[in-house]
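Working notes, beginning with the structure itself.
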Amino acid sequence: MRKFFLFLCLFLCLSSITFGAFSYEKSEIKIYLNNEGGAHIVEKITLRINDTESMEIYDKNMAITNDITSWKSRTGISDIKYNVNTNYVSISNLRVTPQPKIRLSLINPQYEGILEIEYDVKGITEVELTKARTYQYKFKKEALSFTSTDGKRIILNENRHLYIYIPDDSVIDSIDPKPQNIDVLYPSQKEFYWRGQTTLENFNFVFIDEISMREEVEFYFKDLLNNSILFINSDGGFYLGIIIGIFIVTFLIVKSKIPSN
């Protein structure tokens, strides 16, 4: 009888682990790089919904305010997060959109739900003008928050899938290790992915973009405008504004005291 009771307790414990309310299945991270050193990122986190109560929680919370912290709290899953390192990139336009749940099969009462996390980042690539009108973009591997051994090797677990896309008008320059979807690297390729258990050792990802003369002029004035705005909003710009204001007021006062002919 005692053995049966211990066996029953063990079975219930194992059942609670295996058939908990929510369980983490996998993550799919898609990074759409742009020509400004940033990217648009879409992450899809697949959850297993194991019981009726969990289904109600999932459905009930689809229509209310959604954020990462709330869903992590609702499900108890720590893997609900964005997979970039905010020490190296800045995040904006973050939104979390739960997708309608899907039943696994007619004979399986469990469901899957997908949380879609979408956001923009700045500073995910280092940009360098290598020659006239040719820009080189080097992906910052430190910007990814996957498991790493010594800062050089990025480890993708079996349930992590990484996709990287380059802009249509760009070409790939170098990439290492070789993506799983490529046998021979052609400059015209735009999609690159690593799926399942794999190690990205000394990860290197570089693409280039050659712009037209017109785009170069536009970039120049855009950069000049941005730097001017930054200067105006800085302490130096503030004090320069005061000096200019004093100069204008002094000029008007002096001018008003000069008798007109």
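General observations
- Matching entry among GLU158, GLU142 (being loosely packed, with under 14 Cβ neighbours inside 10 Å, touching a residue at least 24 places away in the same chain (Cβ under 8 Å) and not in a strand (DSSP E or B)): GLU158
- The single condition among (1) free of Cβ contacts under 8 Å to residues at least 12 places away in the same chain; (2) within 18 Å of TYR137 (Cα to Cα) that ILE175 does not satisfy is (1).
- Within the stretch 73-87, at least one residue is surrounded by 12 or more Cβ atoms within 10 Å (Cβ to Cβ) and more than 30 Å from MET55 (Cα to Cα).
- Cβ separations smaller than 6 Å between residues 6+ apart or across chains give the following pairs from the stretch 95-106 residues that are farther than 22 Å from LYS81 by Cα to residues that are surrounded by 12 or more Cβ atoms within 10 Å (Cβ to Cβ) and not hydroxyl-bearing (Ser, Thr, Tyr): LEU104/GLN110.
- Yes/no for ILE114 being among the β-branched types (Val, Ile, Thr), assigned by TED's automatic domain parsing to the domain that holds LEU129, in contact with a Pro (Cβ under 9 Å, 6 or more places away or on another chain) and at pLDDT 85 or above: yes
- Failed item in (1) in contact (Cβ under 8 Å) with a residue 24 or more places away in the chain; (2) out of contact with any Ser or Thr (no Cβ under 9 Å at 6 or more places or on another chain), with ALA63 passing the rest: (1)
- Test: ILE107 is surrounded by 12 or more Cβ atoms within 10 Å (Cβ to Cβ), aliphatic (A, V, I, L, M) and assigned by TED's automatic domain parsing to the domain that holds PHE22: no
The values are calculated or read from the model by the stated rules, or taken from the named source; none is laboratory data. Since the structure is predicted, the reported quantities are computational estimates derived from the model, not experimental observations. As a convention, Cβ positions derive from the backbone with ideal geometry for all residues, glycine included, and neighbour counts pool all protein chains shown.
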